[in-house]
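**Student:** My questions all concern the structure below.
The values are calculated or read from the model by the stated rules, or taken from the named source; none is laboratory data. Bear in mind the structure is a predicted one, so any value in this text is a computation, not a measurement. Don't worry about glycine lacking a Cβ; one is built from the backbone with ideal geometry, like all the others, and counts go over all protein chains shown. With ligands, DNA and RNA removed, areas are computed over all heavy atoms of the protein, side chains included. Shrake-Rupley method; radii C 1.70, N 1.55, O 1.52, S 1.80 Å.
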Amino acid sequence: MGKDVIVACDFSSKADVMAFLDRFSSRKPFVKIGMELFYAEGAEIVREIKARGHKIFLDLKLCDIPNTVKKSMHVLSGLDVDMCNLHAFGTKAMMDAAMEGLTREDGTRPMLIAVTQLTSTSEERMKSDLLINEPLEKVVMHYAKCAAQCGLDGVVCSPLEARNVKVVCGEGFMTVTPGVRFADDDVGDQVRITTPAKAKELGSDYIVVGRPITQAADPVAAYERCIREFVD
């Protein structure tokens, strides 16, 4: 499995995201479309970015009763995205239903990954706000094992947890890791973070990088820096 940098295009309008993507002439970055952009522009923005030649991670983090998630995944499978996700805490029944809905009649489907715990969540917050009293690492590994048992391709986790996910679920089980910042960046609202180079060392397959690229004075240079530190 090749490593790659996924650029989180957390913009509020088509004009903003297209202006950003227009800056990339020699590469077509793998991009993440999240809730903000998808809710602002709808499914058409996915089609337009895909038509430009970009791989797309559609980051909507589905979590609902199994039948609703199954039907929603069936809709998403028609958008020709490369990766989509859901929350692992929706239970194995929900993840099984998601896989069923996402798989097309010809047997193909986008990659499906499960969010374990958000990288903005600390163990203290998990215990006080969610009343989950197990250690955070144990919770992440349990969710990862559940996702693997349901046939998902991988999980979203902190880079700090990527190595142990591989130990628990196998080397072929994919780790997609946000919470990545350059060493000289502000951490923002993230808690469990690393640098691109450290994420590579820890075994991340994909890193998701937003503000360090999208808000950089030179986004293309920041993206190329990520590629150098994580991929090359």
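**Student:** Picking from Ala98, Ala88, which residue would you name as being touching a residue at least 12 places away in the same chain (Cβ under 8 Å), touching a Phe, Trp or Tyr at 6+ places or on another chain (Cβ under 8 Å) and under 11 Å from Leu152 (Cβ atoms)?
**Tutor:** Only one candidate passes the filter, namely Ala88.
**Student:** Inside the range 212-221, can you point out the residues that are assigned to a helix (DSSP H, G or I) and without any contact (Cβ under 8 Å) to a residue 24 or more places away in the chain?
**Tutor:** Ala221 - this is the single residue of the range 212-221 that is assigned to a helix (DSSP H, G or I) and without any contact (Cβ under 8 Å) to a residue 24 or more places away in the chain.
**Student:** Next question, about the same structure. Of Ala93, Ala97, which residue is small (Gly, Ala, Ser), buried (at least 17 other Cβ atoms within 10 Å of the Cβ) and within 24 Å of Gly170 (Cα to Cα)? Full working, then the answer.
**Tutor:** Details: Ala93 fails: buried (at least 17 other Cβ atoms within 10 Å of the Cβ).
Just a single option satisfies the conditions, and that option is Ala97.
**Student:** Also, I was wondering about something else. Can you name the residue in the range 1-41 that is more than 14 Å from the chain's Cα centre (by Cα) and of a type in the set (Gly, Ala, Ser) and is also nearest to Val176 (Cα to Cα) among such residues?
**Tutor:** Filtering first and then ranking leaves Gly2.
**Student:** For the range 111-142, which residues satisfy the criterion of being more than 21 Å from the chain's Cα centre (by Cα) and at negative phi?
**Tutor:** Correct list: Glu124, Arg125, Lys127, Ser128, Asp129, Leu130, Ile132, Asn133, Glu134, Pro135.
**Student:** Additional query: Only one residue in Val7, Val75 is open to solvent by less than 50 Å² (accessible area, probe 1.4 Å) and either part of a strand (DSSP E or B) or of a type outside the set (D, E, K, R) (or both). Which one?
**Tutor:** Testing whether each residue is open to solvent by less than 50 Å² (accessible area, probe 1.4 Å) and either part of a strand (DSSP E or B) or of a type outside the set (D, E, K, R) (or both) leaves just Val7.
**Student:** For Thr108, indicate whether it is surrounded by fewer than 19 Cβ atoms within 10 Å (Cβ to Cβ), part of a loop (DSSP other than H, G, I, E, B) and either under 17 Å from the mean Cα position of the chain (by Cα) or among the hydroxyl-bearing types (Ser, Thr, Tyr) (or both).
**Tutor:** Values: surrounded by fewer than 19 Cβ atoms within 10 Å (Cβ to Cβ): yes; part of a loop (DSSP other than H, G, I, E, B): yes; either under 17 Å from the mean Cα position of the chain (by Cα) or among the hydroxyl-bearing types (Ser, Thr, Tyr) (or both): yes.
So Thr108 passes the test.
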